Amino acid sequence: MGKNNIKFAFTVLISALIPLWFQFVLGESAVLENTYMYTFLWILSNYLFISTIMEIWSNYRQMFKLKGLNINKSTFIVNIAVYILFLVFINCYFIQTLYIRDNYFLNKFASLFTLSIILMTFIINLMCGAFPSKSENENTNVYSVDNNNSFRYGRDMWRIVIGSYEEGIVIGYLPFKYSDIKTVFLDKKSDELTFKGKNENGQFRVAIKAPKSKNQALEIIKEAEKNNKIESSKINL
């Protein structure tokens with residue numbers, strides 16, 4: 001069995017553990033009849049949130065391990081925390097709806113007010129950093145950091161998710177080594193900072209247009225040039 005299949009099977013098992021346990025133990029005394037459809041939706045909801053948490057944590061963990069990392073981690077941490085809270089809310093909601101109605105904790109946590117707080121935190125955190133969207137064009141991985149991208153990629157209104165580490169620059173959670181960058185230039189017509197190069201994932205092109213993110217990336221590139229981490233001949237600003 002491949003690694004991905006093992007990961008999928010593990011995620012499904014964890015997603016089903018709580019719903020099936022309640023169905024087995026309290027199914028006969030359930031508040032509602034015919035709970036099987038609710039249980040299926042419960043398992044599906046758990047799977048979606050758990051798989052998302054595992055994916056983003058895997059990406060963030062690799063970034064957090066970078067040597068000499070210098071980036072504001074709060075947006076990443078809040079993002080993980082919000083998904084965990086969504087997961088807890090979903091489980092409390094189904095437990096309350098199907099099996100246990102008169103419980104102080106469940107009544108407080110599985111409420112519209114709690115859901116509103118979680119959603120508000122999620123939306124506010126989306127305004128704390130513009131993450132790169134990815135596309136592919138002529139065998140080149142194209143990354144765009146733009147406040148006009150889909151809202152799910154965030155905005156750099158209050159904070160940014162651009163940083164540096166010992167060997168390169170970090171865009172969102174994606175590291176790019178200075179040694180892999182072949183050219184850096186400022187396109188005045190489109191008002192975006194662009195750098196191109198090639199790494200283990202193939203050719204890449206990164207275009208940063210979101211204002212705060214662009215300014216931070218410019219400072220990092222200039223500092224890297226000053227410290228001889230990137231050749232001046234590659235830079236055209």
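Check cross-link reach from Lys209 to the aspartates and glutamates: straight Cα distance under 16 Å, and skip same-chain residues fewer than eight apart.
Excluding near neighbours in sequence, the set is Asp146, Asp156, Asp187, Asp191, Glu192, Glu219.
Per residue of segment 216-223, in order, report the coupling 6.51 cos²θ - 1.76 cosθ + 1.60 (Karplus, θ = phi - 60°) as ³J(HN,Hα) in whole Hz, putting x for Gly and Pro.
Values, residue by residue: 5, 5, 4, 4, 5, 5, 5, 5 Hz.
Please give me the summed charge of the neighbours of Gly129: other residues whose Cβ is under 11 Å from its Cβ, Lys and Arg +1, Asp and Glu -1.
+3
For the pairs Lys7/Lys177; Lys7/Lys182; Lys177/Lys226; Lys196/Lys222; Lys65/Lys189, note any where the Cα-Cα span goes beyond 27 Å.
From Lys7/Lys177; Lys7/Lys182; Lys177/Lys226; Lys196/Lys222; Lys65/Lys189, over 27 Å: Lys7/Lys177; Lys7/Lys182; Lys65/Lys189.
For Cα extents along the principal axes in Å, the listed values are (i) 74, 43, 32; (ii) 54, 48, 32; (iii) 106, 44, 21; which was obtained by calculation from the structure presented?
(i)
Tell me the angle of helix 74-98 to the major Cα principal axis of the chain, expressed in degrees between 0 and 90 and rounded to the nearest ten.
20 degrees
Going by average Cβ neighbours within 10 Å, how do the peptides 173-181, 19-27, 100-108, 139-147 rank, with the highest at the top?
Result, highest mean first: 173-181, 139-147, 19-27, 100-108.
Under the classification rounded if a/c is under 1.5, otherwise prolate if a/b is larger than b/c and oblate if not, where does segment 19-106 fall, given a ≥ b ≥ c as square roots of the Cα gyration tensor eigenvalues?
Prolate is the answer for segment 19-106, as a/c is 1.5 or above and a/b outweighs b/c.
Pull up all non-local amide H partners of Gly197: gap of 5 or more, or a different chain, and H-to-H distance under 5 Å with H placed in the peptide plane.
Lys182, Phe204
None of the figures in this text is laboratory data; all of them are computed from the coordinates on show. Computed from a predicted structure; not experimentally measured. Neighbour counts are summed over all protein chains in view; Cβ atoms, including those assigned to glycine, are modelled from backbone coordinates with ideal geometry.
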